[in-house]
């Protein structure tokens, strides 16, 4: 095994004869690591069951945490959840979740969204189950689609050194993460995409596959802009194509990441913090970063167990909180609408929605000012009954707010 790994990692062939006899042995123990289908290596009589190649090869350990997550069978739990709601609620909830995922992914990057940008990204998310975006041409097209301003469209992988950092009023510039050197990117990205193909063909566990490729991508930071949003999009792309996400449904993982930024940052820093202790760099007065050490090896062979555990955790929160709450809130909202129409039968939909919204903004009561402006034609008795109807629905669970129309 050591002999094979030496030649695998260095590309150098030792002056040794091939092994002529003996059983083939697996490079990694399947009970300790996630492995790909073995490729027999005749020279050392080794079964190469690594997840990647010498240009990019993540390692994921079979921790007890991951064993428990896999046993939870999240896809089946999601199917059971959605089976409990009528189709009309399902369609409205899914439509809202696509919009919510878009808004959350951009908000993580502190990027302002126009209606055009929102619609463009929602359209992309709908394609996640249909196309494989893990190839160079598709990734560049994806970057061009996400970044609206054509001046910042990339035609290839970046040729500049980029980094993630901030300016501190006392300490000056603080570098949180330095991406690979531009000259190292072609091999690294070729390795990343080859690892994706190997895991795709080898039917690797979907969350392991999604986490290693999506986090691997963001660690490479191959473009000048859009890397974070592409990273989160690739999670959906891989999970959907592997059938982990039920057909027509989306797990709004970005919404969970946004709500738990400390946990999301920790999943990134599990790699970036140890890395930055090894990178020798210099930042000049113009904000140009220069890397003085050879760093490619640190991006090639990453223990991505923390990232896989983090993604499983985000998915669990998505299922138990985001999806469950969105389904329940729309169901309660519909119940409030029906209760109001039972009091005022011909009340237009926009009036019903406005009444609910204004009551929610004012602790369940319609203010005198808003009543005079929007609902002057209604009697005191009607207003009181409608307020009581909303209160009764709210008492059944958490507060509800009108969902944006998708």
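For the range 353-366: of the residues being under 13 Å from residue 387 (Cβ atoms) and touching a helix residue (DSSP H, G or I) at 6+ places or on another chain (Cβ under 7 Å), which is surrounded by the most Cβ atoms within 10 Å (Cβ to Cβ)?
355
Please go through the range 241-269 and pick out each residue that is within 17 Å of residue 78 (Cα to Cα) and either assigned to a loop (DSSP other than H, G, I, E, B) or touching a strand residue (DSSP E or B) at 6+ places or on another chain (Cβ under 9 Å) (or both).
Of everything in the range 241-269, those that are within 17 Å of residue 78 (Cα to Cα) and either assigned to a loop (DSSP other than H, G, I, E, B) or touching a strand residue (DSSP E or B) at 6+ places or on another chain (Cβ under 9 Å) (or both) turn out to be 242, 243, 244, 245, 246, 247, 248, 249, 250, 251, 252.
So which of 193, 124 ends up being outside any loop (DSSP other than H, G, I, E, B) and at pLDDT 95 or above?
193
Among 131, 107, which is the only one that is within 18 Å of the chain's Cα centre (by Cα), assigned by TED's automatic domain parsing to the domain that holds residue 257 and in a loop (DSSP other than H, G, I, E, B)?
Going through 131, 107 in turn, just one is within 18 Å of the chain's Cα centre (by Cα), assigned by TED's automatic domain parsing to the domain that holds residue 257 and in a loop (DSSP other than H, G, I, E, B): 131.
Can you tell me which of 119, 150, 137 is over 16 Å from the mean Cα position of the chain (by Cα), free of Cβ contacts under 8 Å to residues at least 12 places away in the same chain and under 25 Å from residue 95 (Cβ atoms)?
119
Would you mind stating whether residue 77 is at pLDDT below 90, surrounded by 10 or more Cβ atoms within 10 Å (Cβ to Cβ) and under 20 Å from the mean Cα position of the chain (by Cα)?
yes
Residue under question is residue 315, and the condition is that it be modelled with pLDDT under 90 and surrounded by 18 or more Cβ atoms within 10 Å (Cβ to Cβ); does it hold?
Considered against the rule, which asks whether it is modelled with pLDDT under 90 and surrounded by 18 or more Cβ atoms within 10 Å (Cβ to Cβ), residue 315 comes out as no.
State whether one or more residues within the range 326-335 are over 30 Å from residue 184 (Cβ atoms), surrounded by 14 or more Cβ atoms within 10 Å (Cβ to Cβ), at pLDDT 90 or above and out of contact with any strand residue (DSSP E or B) (no Cβ under 9 Å at 6 or more places or on another chain).
No, the range 326-335 contains no residue that is over 30 Å from residue 184 (Cβ atoms), surrounded by 14 or more Cβ atoms within 10 Å (Cβ to Cβ), at pLDDT 90 or above and out of contact with any strand residue (DSSP E or B) (no Cβ under 9 Å at 6 or more places or on another chain).
Would you mind telling me which numbered condition in (1) in a helix (DSSP H, G or I); (2) under 25 Å from residue 310 (Cβ atoms) residue 176 fails?
(1)
The values are calculated or read from the model by the stated rules, or taken from the named source; none is laboratory data. Small disclaimer: the values here were computed from a predicted structure and weren't measured. No Cβ is skipped: glycine too gets one built from the backbone with ideal geometry, and neighbour counts run over all protein chains shown.
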